[in-house]
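Reviewing the structure listed below.
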Amino acid sequence: MADDADTNATRLVHAWAAAVCRGAAPQLEAANPPMALDPDCAEAVAVAVERRLRTILDAAAQRCRRRRGRRLSGDDLNDALESLGDERVLGHPRRSLVATLNGSATLEPKELDLDAVEAEARQRALVAAPPEAALALSWLAVDGRDAREDSKTKELKTPPLRREQELYVRAVDDAILGKCDEARRREVFRSLRRDAGLRPLAPHLAALASREAAEAHKTSRPCEQLRYVATFIRSLSMNPGAGVEFHLHQLVPAALTLVVARKLGGGDDPDHWLVREDASRCVASICEEFGDRFTDLRPRVVQTLCGALDSDKPFATKYGALQCLVALGPAALHRYAEPRLTKLANAFAELPESDDKRRCLDAIVSARRGLRGAAPGSCFQEQTAGTYVEGEWRAVGEVEPSRPPKRFEKADDVRGGKRKRGHDGAAKNVRAARPDAKEDPLLEALGERAVALADSGAAVFI
Amino acid sequence: MPPRKKPAARKKRKAPEPEPEAEPEAVEDNEGAVLDTSEADLKARFASTKTATEYAQFHGWVERCLEAARADLSGALFPVFAHCYCSLVDEGNTDEASRFLERWAPSHDDRYASYVESLRRASSKASSKRDPFRKRLAKSKFKVCLGKAARDLLGDFLIRSELTAVLRILNNFVEVEEEGLKGVARLVDEDVVLTEVALGVPTRSELETPSGLNVPDFSTPYGASLLRDACRRPLQQATESGLVSRGRGPLDALKPTVLGLCIVGGDAQRVSCVQGSDDTTRCIAGFADSTVRIWRPDAVEDDDKNRRPSKPLAAHVGGVSSVSWAGGSRYALSSGNDGAVVLWDADAPNDEGEGAPLQRYAAHADACWSVHSPSSSDSLGGGRIFATGGADRTCRLFSTDRTRPLRIFAGHWSDVTSVKIHPNAHSILSCSRDATCRLWDVRVDGGGPLCARVLDAASSELVRCDISTDGASACAVSTNGMLHVWDLASGKTTASIEAHAGCAYACAFSACGAAIATCGRDGSLKVWDVALLQAKGPAPAPAFSSSTSDRPVLDVRWTPGNLLLAGGALLE
C-alpha cells in the first residue's frame, strides 16, 4: 500500500501514526464507524509510527545534548514534542488524553476541587528550598601545575555541630538506645522522616547509623534496639530534604549488616528475626528510592545477598538474605532467588525441629508465593499501576538529581522490575500491556518494531 | 552466489521466538548450496537482495584481509552499506532492509552512529523520499582514502568475485583520494569552489571604517544610546584585573593557568553553559530552567565559603542553550530553545541586584542552539553584530539595533550547533550535526556564492567550533570526542585526533594561537600543542590535562592574556 499511496492515503496514514504515537489507539478503535486495519495498512502505519517516534527521540536527544545532560528527561521529550507541533503530553496517563479527528491528542479538561488540593498541600511536609546557584572560583592549575591538592582536603572537613544540632543528634541517639519512652521515639522518627532542615546533620546521622550497625553483634545491644536502628535508617532515607544520596555508602552497608549479620544482639535473642525483616524492608525502600539514580546500587545490594546465600554462613544469615530478596520484589526474586531456592530449602529442611526451622521454611514458602507473582507480564502491570502515583509521573530514564526525590507512598505498587529494558523486556511489555496483541495486526507489527526501537532507545538513554 | 533464505525468513517472522543469530551464518556459509528453484525465483524478484548478499561477501572479505590493508579498506565499507540499505528500501523490501540493518549496523555504530540513526529513520520508501539524509546521500559522494596497494587489492577482488552491485556503488558514490584520514568515509557535499576569502587580522583602515557589512547607523530608538558607547569603543587591550596580577606579561598557553568558574548550589545541575568575560570581571551562565545569571567574580564574597550568589534573570521561554559576551564585559547575549536571542546589560540595576534584558530578537523559527558575538579583543564589530545558528539548519547574522537578520545562510543538512564570527568580521564559521563546518562569506550581498568553504573530516556530529585569532585556521570538536583542525585558506584538514572519551563540549584557540583547549563530558580539560598536532606521526599527548571527579567541564575560553577560563557545575 505504501508503494502507490496517493497523497490522500499518505496523509491518512500519517494521521493514524500520529494518533497511535500519542497513545490514542483505543479511541480510534472505538471510533464510529470502526476503522479496522488490514495487515498491509497496519504495516504502513507501523512504519510511519516508527519514523515519527525516531524523529521525536532525535529531537529530544539533541535537546538533552545541548543542555549538557547525561540522560534524556521528560522535559526534553516534551520540548521536542512541542517543537514538532504537538502538545506536551508526555507524563499524562493515556486515559486523560482525547484523540481529535485530525489525528492530534489533547488533554481532557478536568475540574479540580480547590479545597481538596489545598488540604492535600497542607498535609505534605515542606521540603527545604534548594540553595541558590552561586559562583565559586578556584584555581585549577597555575603555570601548568595542578593547584587543587590543598583545597581538596579543606572541602572534605565537615563543619562542627551547633548546639541545637547536637541536641537533635543526642535525641536520636537516645531514641535508638531505648532511653526514652515510646511517644518520644515515635516523635523522633517522624521528625527524621519529614523535617526539612536535616541536610547539615545528615553526615553525623549517617556516621551514627554505621557506628550502631558495627556494634550489632555485641551482647550489650538487645535486638529491640537494633530494630530501632533499622527504623532510624529507613526514616532517614525517606526524608526528601536530607541529601541522603550523599551518604548511601554508609547507610546501605549498615542496613545490610542488620540483614545478614552472623549474630545480632549476642546471638541468643529470638527477636533477631524481626530485626532482619525490618532491615530488609529498609534496604528495599532505599533501593526503590535511589536505585534508578545510582545504577550500581541494586547490583551491589544483590551481590551481597547472593554472596550470603551461596556461602556456608549460618541459616539466620541466609534467612535474612532471602527475606531481603523478597522485599526487593518479584523481579529480583525471580532472577536471583529462584535458582538457589531448592538448595536453600534442602539446607533448611536439615535443621533440627524447632521454631527456627519453621520460620525458615515459612520464608521459603513466602518466596515461592512471591515468585508466582513474578510471571512475565504481571511485573509490567504492576509497573503501569505504579507509574502514576500522587499526581507525579516518572518518565523512563528521567533521573534528575536536582529534583527532590518523589515520594512513593504505596511502595508495593511500584516495586519490582520497574525499569525493565532490552529485548525480551520490551517485547513482553508490549504483549503484556495489550493482552489482545495477537489478534491485532497493528499491535503485532508495532511489537516487533518496539524491540528494535528499544535498542536504539537504549543508545539515546545513555 | 549465496542465496538469501527468503522463505525461511518469512516463516521465522510468524514464529513466536525468532533467532536473529541464525541468519547471518546462513548468508555466509551457504556458498556452495544448490539453488532451489523457488529461491532463485524470489531472488530474481528482489534484485536488491543480491546487493545485500554481495555486501555480506564484501564485508567478510575486508574482515579477512591483512591488517595493513584492512585499515584502509574498512573506510569503503560504510558507503557500500549505506547504499545497499537504500536500494533495499527503495525496492519496497522493508523486511529485508531492516534485517540487513540489524545485521550490519553494529559494526558501523562506533564511527557512523549518527548516519546509522538517520538511515533507521528512513525505513520505508514513502518516508525516505522526504528524508534529508537520503537526499544528501543521493546527491553527495563519500571520500575514502585508499593507498595504492589497497586500491589494487580491492579492484582485483571485485572483478574476481563479480560483485557488480558493490562495484557500481563504489563507482557512483565513492571518490578515492591518495592522502587523508584512513579508515573513515566522509560524506562530501557539492564541490565548493575555493573562492577568495579575506583571512587574517583586520587592517588599520578596516578598523576605522568597518566596510564589507552594511551596518546601519545607530539611529534606531531602542537601546541605541546604550549601545553606542559599547560599539564605538576603540580597541582596548583587556586586562585581567583583580584576578591576575597586572605586572605579568601574557601567560604561557602550553603551561596554562586555569581559573575554574564553578557553579554550585541547588540549580547547579541545570546549568548548560558558562562563560567568563575577557577581563574576568564578569561571568554569565545559562540554565536549562530558562534563567540566566550574571556574577561579578571580583565582588565581595557572600560568606567564608568562597561563594557569590546571584539572582536569576528571566527572558527566555525555554532552556538557555548558549551565552556569549558581546564587546567587553557589559553586554552579553544568550540564546534559547525558544528560538530567541536576548541582549543583556550586566550593569543595569534591577530590583534585586544587577543585570536586565535590553532586547529580545526572534532569531530562529525552531530552537536557537548557538550565539556568538566578537569580544572587544576580537576587534571588528564587537558588541555590534552577532551570529546565531539553530535547529532550522540556518545560520544568521544580526546587528544589535535591528530585530531582523542582516543575512541568512542556508546550506547545512542538519541543525547548526555552533557559530563563530571570523576575527575580521568578513566571514562566519558554523558547524553542524551533518558533520561539516562551513565558512560563509558575509560580504557578498545576494546572488553570489555565500558558502566559501566546506570543511569536512568528521564522521560524527560536530558540537562546537572556533577560529584562531590570526584568522588562518579553524577547529571543531564532535560528539565522539574527536578534535579536528583545518587550514582555512586551503580548506584542508591539518589534524584529526581523538581528544576525549565520549562527547566533547567545547574547543578554543588560545590568544597566541599556539594551543587549543578542549573539554568534554568525561570531566577532563586538555590543552593541545597546535604545532605537535599538525606534525605528521602518531597522535600527540596533550600538553596539559586535568580532570574533575566526574562532573563535565562545560565550556573553555581563553582571555587575551592567555588565561584559561573553564566553566562547569560542582556537586556538593
In segment B:390-418, what count of residues is obtained for those that are farther than 18 Å from residue A:61 by Cα and not in a loop (DSSP other than H, G, I, E, B)? 10
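One line per residue, one yes/no per condition, for (1) in contact with a Gly (Cβ under 9 Å, 6 or more places away or on another chain); (2) open to solvent by 40 Å² or more (accessible area, probe 1.4 Å); (3) at pLDDT 85 or above:
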| position | (1), (2), (3) |
| --- | --- |
| B:35 | no, yes, no |
| B:38 | no, yes, no |
| B:44 | no, yes, no |
| B:48 | no, no, no |
| B:55 | no, no, yes |
| B:59 | no, no, yes |
| B:67 | no, yes, no |
| B:72 | yes, no, no |
| B:102 | no, yes, yes |
When only residues in segment B:510-525 that are open to solvent by 10 Å² or more (accessible area, probe 1.4 Å) and in contact with a Phe, Trp or Tyr (Cβ under 7 Å, 6 or more places away or on another chain) count, which is nearest to the other protein chains (Cβ to nearest Cβ)? B:521
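Name the one entry in A:281, A:369 that is of a type in the set (Lys, Arg), open to solvent by 20 Å² or more (accessible area, probe 1.4 Å) and touching a helix residue (DSSP H, G or I) at 6+ places or on another chain (Cβ under 8 Å).
A:281
Rundown of residues vs (1) more than 27 Å from the chain's Cα centre (by Cα); (2) buried (at least 24 other Cβ atoms within 10 Å of the Cβ); (3) part of a loop (DSSP other than H, G, I, E, B); (4) at pLDDT 90 or above, yes/no style:
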{"residue": "B:254", "(1), (2), (3), (4)": "no, no, yes, no"}
{"residue": "B:263", "(1), (2), (3), (4)": "no, yes, no, no"}
{"residue": "B:285", "(1), (2), (3), (4)": "no, yes, no, yes"}
{"residue": "B:289", "(1), (2), (3), (4)": "no, no, yes, no"}
{"residue": "B:333", "(1), (2), (3), (4)": "no, yes, no, yes"}
{"residue": "B:345", "(1), (2), (3), (4)": "yes, no, no, no"}
{"residue": "B:360", "(1), (2), (3), (4)": "no, no, no, no"}
Of (1) at pLDDT below 90; (2) touching a Phe, Trp or Tyr at 6+ places or on another chain (Cβ under 9 Å), residue B:317 fails just (2)
Are any of the residues in segment B:543-558 away from every other protein chain (no Cβ under 11 Å), in a loop (DSSP other than H, G, I, E, B) and open to solvent by 10 Å² or more (accessible area, probe 1.4 Å)? no
Residue B:146 passes all but one of the listed conditions (1) aliphatic (A, V, I, L, M); (2) touching a residue at least 60 places away in the same chain (Cβ under 8 Å); (3) at the interface with chain A (Cβ under 9 Å from one of its Cβ atoms); the exception is number (3)
Confirm whether residue B:470 is free of Cβ contacts under 8 Å to residues at least 24 places away in the same chain, open to solvent by 40 Å² or more (accessible area, probe 1.4 Å) and of a type outside the set (Ser, Thr, Tyr). no
Show me the helices (runs of 4 or more DSSP H) entirely contained within segment A:163-238 in which 3 or more residues are crowded, with 21+ Cβ neighbours inside 10 Å and at pLDDT 85 or above. A:163-177, A:202-214, A:223-238
Of the criteria (1) under 27 Å from the mean Cα position of the chain (by Cα); (2) at pLDDT below 80; (3) open to solvent by 70 Å² or more (accessible area, probe 1.4 Å); (4) more than 14 Å from chain B (Cβ to nearest Cβ), which one residue A:129 fails: (4)
Return only the number of the condition from (1) at pLDDT 90 or above; (2) more than 12 Å from the chain's Cα centre (by Cα); (3) of a type in the set (Asp, Glu) that residue B:415 does not satisfy. (2)
May I ask you to list the residues in segment B:485-506 that are in contact with a His (Cβ under 9 Å, 6 or more places away or on another chain) and either farther than 20 Å from residue B:457 by Cα or crowded, with 21+ Cβ neighbours inside 10 Å (or both)? B:488, B:495
Matching residues in segment B:104-140 (open to solvent by less than 50 Å² (accessible area, probe 1.4 Å) and not polar (S, T, N, Q)) number 18
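The values are calculated or read from the model by the stated rules, or taken from the named source; none is laboratory data. Here the structure is a predicted model, which is why all the values come from computation and not from measurement. With ideal geometry, Cβ positions are generated from the backbone for all residues, glycine too; neighbour counts draw on all protein chains shown. In case anyone asks, the SASA skips ligands and DNA or RNA and just uses the protein heavy atoms, side chains included. Shrake-Rupley method; radii C 1.70, N 1.55, O 1.52, S 1.80 Å.
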